[in-house]
Amino acid sequence: MRSPEHGALRRGPSWLLVAYPLLALAGAWTHRQGWSLAALMLLLTVLMWPALRARQALAWLLWVGLAGGMVWLASHGLAAQVLDTVPVLVSALLSWLFGRSLRAGRQPLIARIIEAVEGESRLAQPGIARYARQLTWFWTMLLAAQAVLLGVLQALAVPGGLFARLGRAPPLALPAGWAMGYVHLGGYALLVAAFLAEYLFRRWHLRHLEHMRLHDLVMRLALRWPQLVRGGRAEP
């Protein structure tokens, strides 16, 4: 029997995020602007979905404006270049969000996630609050390192990298196919692998506690991300 979270998730667009790296990679490898444009619009739609679903006029005006901007970029052959910066910006922004929550007087982002997914009482269990802060540090550092790595790969890619566009030879030339393949697919695969590895480590490290099944955890997290973005709390 499917859970309510599963049905609610299917009614939303979060599951479409799995198509984003595939479309972006297709655009990078085939050099077709249409794939890159589709990836950009898909990402924008998913990120703006809570406001769009609420029929907020400003959100719809912004979405239409962004869509028009994407069409303009594609008509000028610039969609792929803009898309290349998205993984770097996403990693840098997420690293900033995780790190910002570690400041004194703030609740670590992982603690907020635990509250939204498993309830506030979960933080009171032995070892959870301390682990939440440590895990927030882990994601801050991993995402920051990822942003730097992605930027370096884009700079050193040949052809099409930053050095090549500036007419200079890179200090270390990397094949564009491999470099951009990691930028648009490998980087996301690394984050998924880190998420799964952390889940297994958590079950061992905090083995004195009960843990939510991975499937249920992913479903609740995907369903309740709008509350996390707004900084609000969701009922378990």
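The values are calculated or read from the model by the stated rules, or taken from the named source; none is laboratory data. Computed from a prediction, not measured in an experiment: that's the story for all the values here. Please note: Cβ atoms are built from the backbone with ideal geometry, for glycine as well, and neighbour counts cover all protein chains shown. Each accessible area value is taken on the protein alone, full model and side chains, heavy atoms only, with ligands, DNA and RNA left out. Shrake-Rupley method; radii C 1.70, N 1.55, O 1.52, S 1.80 Å.
Descriptive notes on the structure:
- The residues ARG165, ARG100, ARG55, sorted by heavy-atom accessible surface at 1.4 Å with ligands and nucleic acids left out, run ARG55, ARG165, ARG100 from largest to smallest.
- Using 0.36 nm per residue and subtracting the Cα-Cα separation, the extra length available between ALA194 and VAL158 on full extension is 10.1 nm.
- Label-point separation, ALA173 to TRP204 (7 Å along Cα→Cβ), nm: 4.3 nm
- With the simple spin-label model, which puts each label point 7 Å out from Cα in the Cβ direction, the LEU93 to HIS215 separation comes to 3.2 nm.
- Between VAL82 and ALA57, the modelled labels are 2.6 nm apart [label points 7 Å from Cα along Cα→Cβ].
- Length gained when the stretch ARG165-ALA145 is fully extended (0.36 nm per residue, less Cα-Cα span): 4.8 nm
- From the alpha carbon centroid of region 133-171 to that of region 187-218 is 26 Å.
- Length-normalised contact order of region 48-141 in % [C-alpha pairs under 8 Å, at least 6 apart]: 23 percent
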